[in-house]
1. For region 307-322, give me the residue count where each residue is open to solvent by less than 30 Å² (accessible area, probe 1.4 Å), over 24 Å from MET1 (Cα atoms) and in a helix (DSSP H, G or I).
2. Would you be able to say whether some residue in region 37-44 is under 22 Å from the mean Cα position of the chain (by Cα) and at pLDDT 95 or above?
3. Tally the residues that are within 21 Å of LYS325 (Cβ to Cβ) and either in a strand (DSSP E or B) or open to solvent by 30 Å² or more (accessible area, probe 1.4 Å) (or both), restricting the search to region 70-84.
4. Kindly indicate whether THR294 is touching a residue at least 60 places away in the same chain (Cβ under 8 Å), surrounded by fewer than 22 Cβ atoms within 10 Å (Cβ to Cβ) and not aromatic (Phe, Trp, Tyr).
5. Here is a check on your reading of the model: is GLY193 at pLDDT 95 or above, open to solvent by 10 Å² or more (accessible area, probe 1.4 Å) and not in a helix (DSSP H, G or I)?
6. Could you list all residues from region 210-234 that are touching a residue at least 12 places away in the same chain (Cβ under 8 Å), out of contact with any Gly (no Cβ under 7 Å at 6 or more places or on another chain), among the charged types (D, E, K, R) and open to solvent by 40 Å² or more (accessible area, probe 1.4 Å)?
7. When you check ALA207 against the structure, is it open to solvent by 60 Å² or more (accessible area, probe 1.4 Å) and in a helix (DSSP H, G or I), yes or no?
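The values are calculated or read from the model by the stated rules, or taken from the named source; none is laboratory data. Not measured: the values here are computed from a predicted model. Neighbour counts run over all protein chains shown; Cβ positions are idealised from the backbone, glycine included. Surface accessibility is based on the protein's heavy atoms, side chains included, excluding ligands, DNA and RNA. Shrake-Rupley method; radii C 1.70, N 1.55, O 1.52, S 1.80 Å.
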Amino acid sequence: MRDLALLPKAHLHLHFTGSMRVPTLAELAADRGVRLPATLLDGEGLRVPADERGWFRFQRLYDAARACVRGEADLRRIVREAATDDAAEGSGRLEIQVDPTSYAPPVGGITPALEIVLDEARAAGADLGIEVGVIVAASRMRHPLDARILARLAARHAGDGSGEVVGFGLSNDERRGETPEFAPAFAIARRAGLASVPHGGELLGPAHVEEVMETLTPDRLGHGVRSAEDGALLRRIVDRGIALEVCPASNVSLGVYREPEDVPLRRLVDAGAVVALGADDPLLFGSRLVDQYTAAREVHGFTDSELADLARSSIRASRASDGTKARLLAGVDAWLATDPAPADALAG
């Protein structure tokens, strides 16, 4: 068994507040005199039903954590720690997702909030040897005009390197909002060369995936696991080259699947889908990036060669430069060429 933390990979589905370390959140809350729900601090991972009541509980916890983030120093700390944790797990490319609206008041608006994140992403990337791109995400809970404002802001900072906006997303409860109403925002982002990376197909099934595909023209789909329920739809996803950002721990924590083995990872890969594993919200789900690869190995029976293919898919689906992709892909080949260590050696 080769060490999965040494496997070069890209991390394409990580939310800003959800990336926080539990000790960091505890410290921020203590500094501000905020009493947090115990679930946020036990590190065990949330388990809720896949209904509106379950989502409400998840969102309430997420909002409680986000309320502890107050100002430039906090924003910079979260970016740097996310990059540090990813680098330690073999990620050479992180594309972290942020809605600057949530962090704007203490720093004077959405523009400075985003620019602080971009500046620290650039600095952390240079210090740690990892590229950190940023995805600006609108929320389904807000008016579609807000999404257009964010798309224009994202477009002004578009690029493909560290500390640049590389994509535009749409997150929050898939049952909220009318998907077609967000199409104008995605058109703004596409004109600026940004990747279209909306969420879809986790809480809702194939019909929702169809709607997202036809109205938002995704390059990647956040989650997309429910497409496994419709063979014809899955073939269209494969034919269009739409990558799926699959987050197994999220799927189980949010009650989409009862057990880790129920996540249709093998079915998606065997159908030819481009799959990039992601951790989504490690703070709430108690599971980071390498844990997703470990689940692929231990729960779904992926061989090291297949795990290398997953890593390659994540790299190719990223918005990293050609040079960075080539370097990381060469690293995957080198990882696979090493002699595997005995399982007990890795456990020790």
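1. Residues meeting the conditions: 1.
2. No: zero hits.
3. Qualifying residue count, region 70-84: 0.
4. On the way: touching a residue at least 60 places away in the same chain (Cβ under 8 Å): yes; surrounded by fewer than 22 Cβ atoms within 10 Å (Cβ to Cβ): yes; not aromatic (Phe, Trp, Tyr): yes.
Answer is yes for this residue.
5. Yes.
6. Of everything in region 210-234, those that are touching a residue at least 12 places away in the same chain (Cβ under 8 Å), out of contact with any Gly (no Cβ under 7 Å at 6 or more places or on another chain), among the charged types (D, E, K, R) and open to solvent by 40 Å² or more (accessible area, probe 1.4 Å) turn out to be GLU210, GLU211, ASP219, ASP230.
7. Here the answer is yes, as ALA207 does meet what is asked.
Quick grid of which residues meet (1) assigned to a helix (DSSP H, G or I); (2) under 20 Å from HIS13 (Cα atoms); (3) touching a residue at least 40 places away in the same chain (Cβ under 8 Å); (4) not aromatic (Phe, Trp, Tyr):
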position: ALA26; (1), (2), (3), (4): yes, no, no, yes
position: VAL34; (1), (2), (3), (4): no, no, no, yes
position: TRP55; (1), (2), (3), (4): yes, yes, yes, no
position: CYS68; (1), (2), (3), (4): no, no, yes, yes
position: ASP86; (1), (2), (3), (4): yes, yes, yes, yes
position: LEU94; (1), (2), (3), (4): no, yes, yes, yes
position: THR101; (1), (2), (3), (4): yes, yes, yes, yes
position: LEU118; (1), (2), (3), (4): yes, yes, yes, yes
position: GLY125; (1), (2), (3), (4): yes, yes, yes, yes
